[in-house]
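Presented below is the structure to which this report refers.
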Amino acid sequence: MPQPKAILFDLDGTLVDSVPLWIKANLRALAPLGVVMDAERFLTDFYHAGLHYEGILEQCGADPQENEHFYHDRDNRFASLLREHVQWTGGAQKTLQRCAALGPLGMMTGSRRRFVDAMDERLHLSSLFATIVTRDDTGTKMKPDPYGLLLLAERIGIAPTACMYVGDQHVDVQAAKRAHMSACLLTTKETPEGATVGADFVIDKIEDLMEILGY
């Protein structure tokens, strides 16, 4: 497989260790509504199921009248946690700096722009990317829909077939393949079983990406 002209990245779980903070924000916002569960159940039943923003209260059987308050509270909690605690995953920052020397970098994330901005305040990650596509750009066309990746490639100005997408979830692999990109799966503690199906490359550490790229 030829070397990609552009390397594109997922954000949460791939570059930053934000998934535990997301789960914490949800659980803390659910508790006043009488919904109590552990982090592992939320990860498997909600996060892996793609219930990132909407549908959480309905799945919990909570009063839908609480929707507006719950989501507002949850999002405020998450943004605050990110500003105070979010960290790079492993060697992500150094790997991005090395990849930036090879060609343009892009990010496509299911997170909202306000959350990316909150992470940026702490980590200054946006300085490493030519273009960032967020949930605000894709609307309801969430991964595995390829829309966000195709939009990202268009904005960078490189054909999708010349791009590689790196992510930690099965929807990342599926979105990349539907966009006709090569797919690299980073396995983490939040990666579900079976996520490697369809991936062109599988790595256990973000630093291993450089070996795939021949460096």
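The values are calculated or read from the model by the stated rules, or taken from the named source; none is laboratory data. Not measured: the values here are computed from a predicted model. Positions of Cβ are backbone-derived with ideal geometry, glycine not excepted, and every protein chain shown enters the neighbour counts.
If you go through segment 165-185 and keep only what is in contact with an Asp or Glu (Cβ under 8 Å, 6 or more places away or on another chain) and in contact (Cβ under 8 Å) with a residue 24 or more places away in the chain, you end up with Y165, V166, G167, D168, Q169, D172, A175, R178, S182, C184. The set of residues from segment 154-183 being hydrophobic (A, V, I, L, M, F, W, C) and closer than 27 Å to D45 by Cβ comprises V166, V171, V173, A175, A176, A183.
Scanning segment 100-111 finds one or more residues that are part of a helix (DSSP H, G or I), of a type outside the set (V, I, T) and touching a residue at least 24 places away in the same chain (Cβ under 8 Å).
Conditions tested, residue by residue: (1) outside the structural domain of K143 (by TED's automatic domain parsing); (2) within 30 Å of I158 (Cβ to Cβ); (3) charged (D, E, K, R); (4) within 16 Å of the chain's Cα centre (by Cα).
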position	(1), (2), (3), (4)
L11	no, yes, no, yes
K24	yes, no, yes, no
L27	yes, no, no, no
A31	yes, no, no, no
G34	yes, no, no, no
D38	yes, no, yes, no
R41	yes, no, yes, no
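Within segment 63-90, the set of residues being farther than 16 Å from I23 by Cβ, surrounded by 16 or more Cβ atoms within 10 Å (Cβ to Cβ) and at pLDDT 95 or above comprises W88 only.
Within segment 101-140, restricting attention to residues that are under 17 Å from A153 (Cβ atoms) and among the hydroxyl-bearing types (S, T, Y), which residue is farthest from the chain's Cα centre (by Cα)? Only one residue fits best here, namely T131. Against the list (1) among the aliphatic types (A, V, I, L, M); (2) outside the structural domain of E207 (by TED's automatic domain parsing); (3) at pLDDT 95 or above; (4) closer than 22 Å to T140 by Cβ, the condition A49 fails is (3). Counting only helices (runs of 4 or more DSSP H) that fall entirely inside segment 22-97 and contain at least 2 residues that are in contact with a Ser or Thr (Cβ under 9 Å, 6 or more places away or on another chain), the qualifying elements are 67-85. Pairing each residue of segment 202-215 that is surrounded by 11 or more Cβ atoms within 10 Å (Cβ to Cβ) with any residue that is of a type in the set (F, W, Y), provided the two are 6+ apart or on different chains, yields C-beta distances under 7 Å for I212/F201. Considering only segment 100-107, I want to know if a residue exists there that is in contact with a strand residue (DSSP E or B) (Cβ under 6 Å, 6 or more places away or on another chain) and of a type in the set (A, V, I, L, M). Yes, some residue in segment 100-107 is in contact with a strand residue (DSSP E or B) (Cβ under 6 Å, 6 or more places away or on another chain) and of a type in the set (A, V, I, L, M).
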